[in-house]
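Q: Let me begin by handing over the structure; questions about it come next.
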Amino acid sequence: MAKRKFRIYRGDNAKGEFADYETEVQEGMVVLDVIHRIQAEQANDLAVRWNCKAGKCGSCSMEINGKPKLACMTRMNEYQEDQTITVTTLKTFPVIKDLVTDVSWNYEQNKKIKPVKLHPQAKSDRGYVMYQEDVDRVQEFRKCIECYLCQDI
Amino acid sequence: MLDISEIKTIEHDVLIVGAGGAGLSAAIEASSRGVSTGIVMKSMLGKAHTVMAEGGMAAALGNVDARDHWKIHFRDTMRGGKFLNVWRMAELHATIAPERVKLLEEWGAVFDRTKKGLINQRNFGGHRYPRLAHVGDRTGLEMIRTLQDHGIHQGIETYMECTALDLLTDENGAACGIVCMWRETGNFVIFRAKSIVFATGGGGRAWEVTSNSWEYTGDGYGMAYEAGADLMDLEFNQFHPTGMVWPLSVRGILVTESVRGEGGILLNNEGTRFMFNYVPDRFRAETADTKEEAARWLAGDPDARRPPELLTRDVVARAINEEVKAGRGSPHGGAFLNIATQRSAEDIKRKLPSMYHQFKVLAELDITKEPMEVGPTCHYFMGGIKVDADTTMSSVPGLFACGECAAGMHGANRLGGNSLSDLLVFGYLSGKNAAVYAQNMSSYAEVDPDQVTNIIRNTTSILNRESGANPYNLHAELESNMQANVGIIRTKSELESGIAQIEALKKEYETVKAKGASQFNPGWHEALALRNLLITSEAVARAALLREESRGAHTRADFPGEQKEWLQYNIVINKGNNGKMALKKVERFNPDPELVRIAESSIEDLEKEIVDERKGDV
């Protein structure tokens, strides 16, 4: 257990400022755990998105000490004990409030992606016939969790 | 005074609440029938709980073992559910699941393949044959992305980060709309609809140790209850046997059953493979009794029986609990789950990539070299809104429910893999029936302004009052109460004390205060969700107290074993006329004798029957 220092952006797109927080951090905690603790104890209305807390949903994207990261997969022991951890939104996107951004552009793009059409000749009465070696590459792209970290450049 | 004419109103023939696998399946089916379809969700599209599902979706495709058949899937489901399932729902599920899985492939899901190029299927607890269509250990992501992409091309209107607050009903008590709040602005919106589908998931956030995300606050149960709907089987809460136990901050995060499906074994701190000591009589004839036989099964010997690690979740969770209680647990109070000795590092990384990554990052542990520490975590509600099996309509006309928020399909215990297929099957049935219901209505019902005013007043008073209880603290107290008193093993005295604490929390909730403004205010959102979570918790605890037997996921230390008498009843809950929660024992329907015959026949007889049937087909 140790007290750790955090600076978190509070505000919207027009104006805002960094607020300083100090809180206890236990072994194994990730940055999202600390944000939740600050939220429960000191800043009930601190806005942050999250869902799965296991790196699967891509909701808790933010900049941690200037690097785009998932807060749920960023362990506190990646940082020095005396280091202040600064947390902001991904700067690519307009801020809605605190750590929450407007990512609606991605959903507009989503609509433009054409629907899949499988080749009718691949269809059998047991379903489509495709071999693992042929789907390997496609599956790689489908691992995308839409966290949008890659757009934060 | 509130002027409701200033609140934006949106109309849809069918309105769906919740955008996980069930809600999206319902929306796709409804809109394909030409009705205007909207879907509201608390999160953004594609982030719902379904995205976390790992193992796969169960369907008797017979791609890996051709002996599989819907009858065997149905039998497995009934046995797993300890025969408390709504028979007709289990039948619909087993018969419809294969075609829905194939349709998902048609819509773009890229499943792992067999050598012959078909959808691959893996072994899972309680399933006789390899039956789970899967994509590594990220099947839920594949499912939600496929449904999301297919849905948006079909013209479904999506309303993201929009919290449903309460249902509106017409003068006959039928559902006719819902009041929601945009999380971003805190503004209200009224949806008018001819029919409404709840696909709101479960309520695992009532417990301290859970695999569930923040969204799982029993919203569907709370809103349906307030609108007068019947809830059923709330005492059956599945504790998944394998959640992470260390570090503390990740306690409860799911470790997929696929680890055991791919051969993972459970050990205590003496190195004993303890599951061999916990085989229930019902499953003894179909479970390996030696390590050698289990190893032969893993190597693909069709005559070998399944390893005991693949018993149903209720059995495995209780076994781990027992081992820990007896002092044979792992250092942080769980059991060891080892895949490293069973499979090559390459296999593990290919079949369980997200587990490998999850342990590497969160626990600094390499699962290809070391065992994981795991323990039970609250995972799933078998109970929920009581629905008609064929139409999925609740006891409130015009309100339909599907997926985890509906009751009946899984009985007293759900088999792994039966949830994703449930979403596909019952999402489809809900969408279809809600669309037909809407098409039979000539116009929208009038919205009662008093109902709207009440809902909004209840919501804003949390922000407006001067001071009051901190919603985060109330939630934490509820969690520790449910964990301690309404957990995996239950007793009368603990349940009574649990209920007393819930009553006290309900009182405190009347003064809950959210600080700050209405824009994207998590404290406010937390307080709103608590109303539903308290209703859910009370229903669970009261039903658990009433059911004096142990069946499936509901274990009473003071009433061990299944009681024949209790097989005749479901516990049905609704809001009584005095405003208090009313519970009643409701006698179950007599099942179709043919279904009883299938479920109760020996596996040998059933398999022989299927072989003969198939010969007849040729």
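The values are calculated or read from the model by the stated rules, or taken from the named source; none is laboratory data. Since this is a predicted model, take the numbers as computed values, not measurements. FYI the Cβ positions are ideal-geometry reconstructions off the backbone, even for glycines, and counts take in every protein chain you see.
Q: Residues B:Glu309, B:Glu370, B:Glu346: which one is buried (at least 17 other Cβ atoms within 10 Å of the Cβ), among the charged types (D, E, K, R) and outside any strand (DSSP E or B)?
A: Criteria check complete, one pass: B:Glu309.
Q: Among the numbered conditions (1) closer than 29 Å to B:Leu424 by Cβ; (2) among the β-branched types (Val, Ile, Thr); (3) touching a residue at least 24 places away in the same chain (Cβ under 8 Å), tell me where B:Val387 comes up short.
A: Evaluating B:Val387 over (1) closer than 29 Å to B:Leu424 by Cβ; (2) among the β-branched types (Val, Ile, Thr); (3) touching a residue at least 24 places away in the same chain (Cβ under 8 Å) leaves (3) as the failure.
Q: Got at least one residue in the stretch A:9-22 being out of contact with any Lys or Arg (no Cβ under 6 Å at 6 or more places or on another chain), closer than 28 Å to B:Val209 by Cα and surrounded by fewer than 20 Cβ atoms within 10 Å (Cβ to Cβ)?
A: no
Q: Given the options A:Arg75, A:Arg37, name the one that is without any contact (Cβ under 8 Å) to a residue 60 or more places away in the chain, in contact with a helix residue (DSSP H, G or I) (Cβ under 8 Å, 6 or more places away or on another chain) and within 10 Å of another protein chain (Cβ to nearest Cβ).
A: When all the criteria are applied, what remains is A:Arg75.
Q: Of the residues B:Gln483, B:Gln519, which single one is assigned to a loop (DSSP other than H, G, I, E, B) and out of contact with any helix residue (DSSP H, G or I) (no Cβ under 8 Å at 6 or more places or on another chain)?
A: Only one candidate qualifies: B:Gln519.
Table: residues versus (1) more than 24 Å from the chain's Cα centre (by Cα); (2) in the same structural domain as B:Val86 (by TED's automatic domain parsing); (3) farther than 18 Å from B:Met89 by Cα.
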{"site": "B:Leu545", "(1), (2), (3)": "no, no, yes"}
{"site": "B:Thr555", "(1), (2), (3)": "no, no, yes"}
{"site": "B:Pro560", "(1), (2), (3)": "yes, no, yes"}
{"site": "B:Ile571", "(1), (2), (3)": "no, no, no"}
{"site": "B:Gly579", "(1), (2), (3)": "yes, no, yes"}
{"site": "B:Lys584", "(1), (2), (3)": "no, no, yes"}
{"site": "B:Asn590", "(1), (2), (3)": "yes, no, no"}
{"site": "B:Pro593", "(1), (2), (3)": "yes, no, no"}
{"site": "B:Glu600", "(1), (2), (3)": "yes, no, no"}
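Q: Right, here's the next one. Those residues that are touching an Asp or Glu at 6+ places or on another chain (Cβ under 8 Å), assigned to a helix (DSSP H, G or I) and within 14 Å of chain A (Cβ to nearest Cβ), I need them from the stretch B:12-51; list them, please.
A: B:His49
Q: Quick one: how many residues across the stretch B:169-181 are closer than 16 Å to B:Val14 by Cβ and buried (at least 24 other Cβ atoms within 10 Å of the Cβ)?
A: 4
Q: Hey, among the residues in the stretch B:272-294 that are among the charged types (D, E, K, R) and in a loop (DSSP other than H, G, I, E, B), which one's farthest from B:Arg328 (Cα to Cα)?
A: For the stretch B:272-294, the residue satisfying everything is B:Glu286.
Q: I'd like to verify a number: residues in the stretch B:29-48 that are over 12 Å from B:Ile144 (Cα atoms), crowded, with 24+ Cβ neighbours inside 10 Å and hydrophobic (A, V, I, L, M, F, W, C), how many?
A: Going through the stretch B:29-48 one residue at a time, the tally reaches 4.
Q: Could you say whether any residue in the stretch B:523-544 is modelled with pLDDT of 95 or more, outside any helix (DSSP H, G or I) and away from every other protein chain (no Cβ under 14 Å)?
A: No, the stretch B:523-544 has no match at all.
Q: Next question, about the same structure. Could you identify the single residue in B:Glu91, B:Glu105, B:Glu54 that is within 10 Å of chain A (Cβ to nearest Cβ), of a type outside the set (S, T, N, Q), out of contact with any Cys (no Cβ under 6 Å at 6 or more places or on another chain) and part of a helix (DSSP H, G or I)?
A: Every option except B:Glu105 fails the conditions.
Q: Continuing with the same structure: Check B:Ala299, B:Ala294 and return the single one that is at pLDDT below 95, away from every other protein chain (no Cβ under 14 Å) and either out of contact with any strand residue (DSSP E or B) (no Cβ under 9 Å at 6 or more places or on another chain) or surrounded by 22 or more Cβ atoms within 10 Å (Cβ to Cβ) (or both).
A: Step by step, each of B:Ala299, B:Ala294 is checked, and only B:Ala299 is at pLDDT below 95, away from every other protein chain (no Cβ under 14 Å) and either out of contact with any strand residue (DSSP E or B) (no Cβ under 9 Å at 6 or more places or on another chain) or surrounded by 22 or more Cβ atoms within 10 Å (Cβ to Cβ) (or both).
Q: I'm told B:Tyr221 meets every condition in (1) more than 16 Å from the chain's Cα centre (by Cα); (2) surrounded by 24 or more Cβ atoms within 10 Å (Cβ to Cβ) except one. Can you identify the failing condition by its number?
A: It is condition (1) that B:Tyr221 fails.
Q: Answer yes or no as to whether A:Tyr148 is within 27 Å of B:Gly140 (Cα to Cα), facing chain B (nearest Cβ under 10 Å), modelled with pLDDT of 95 or more and surrounded by 13 or more Cβ atoms within 10 Å (Cβ to Cβ).
A: The answer is no for A:Tyr148.
Q: Follow-up question, since we're still on this one. Have a look at B:Arg251, B:Arg273 and point out the one that is within 14 Å of another protein chain (Cβ to nearest Cβ) and among the charged types (D, E, K, R).
A: Just one listed residue meets the conditions, B:Arg251.
Q: Out of all the residues in the stretch A:5-21, is one or more touching a residue at least 40 places away in the same chain (Cβ under 8 Å), part of a helix (DSSP H, G or I) and within 18 Å of the chain's Cα centre (by Cα)?
A: No: zero hits.
Q: Then there is this: Quick check, is B:Ile144 facing chain A (nearest Cβ under 8 Å) and hydrophobic (A, V, I, L, M, F, W, C)?
A: Against the criterion (facing chain A (nearest Cβ under 8 Å) and hydrophobic (A, V, I, L, M, F, W, C)), B:Ile144 does not qualify.
Q: Restricting to the stretch A:86-130, give me the number of residues that are within 8 Å of chain B (Cβ to nearest Cβ) and at pLDDT 95 or above.
A: 9
Q: How about the stretch B:185-207: which of its residues are within 17 Å of B:Val486 (Cα to Cα) and more than 14 Å from chain A (Cβ to nearest Cβ)?
A: B:Gly202, B:Gly203, B:Ala206, B:Trp207, listed by residue number.
Q: Cβ-Cβ under 7 Å, sequence separation 6+ or interchain: first residue in the stretch B:564-576 and exposed (fewer than 14 other Cβ atoms within 10 Å of the Cβ), partner in a strand (DSSP E or B). Which pairs?
A: B:Gln568/B:Glu587; B:Gly576/B:Ala582
Q: Looking only at residues that are small (Gly, Ala, Ser) and without any contact (Cβ under 8 Å) to a residue 40 or more places away in the chain in the stretch B:517-563, which one is surrounded by the fewest Cβ atoms within 10 Å (Cβ to Cβ)?
A: Ranking the qualifying residues of the stretch B:517-563, first place goes to B:Gly561.
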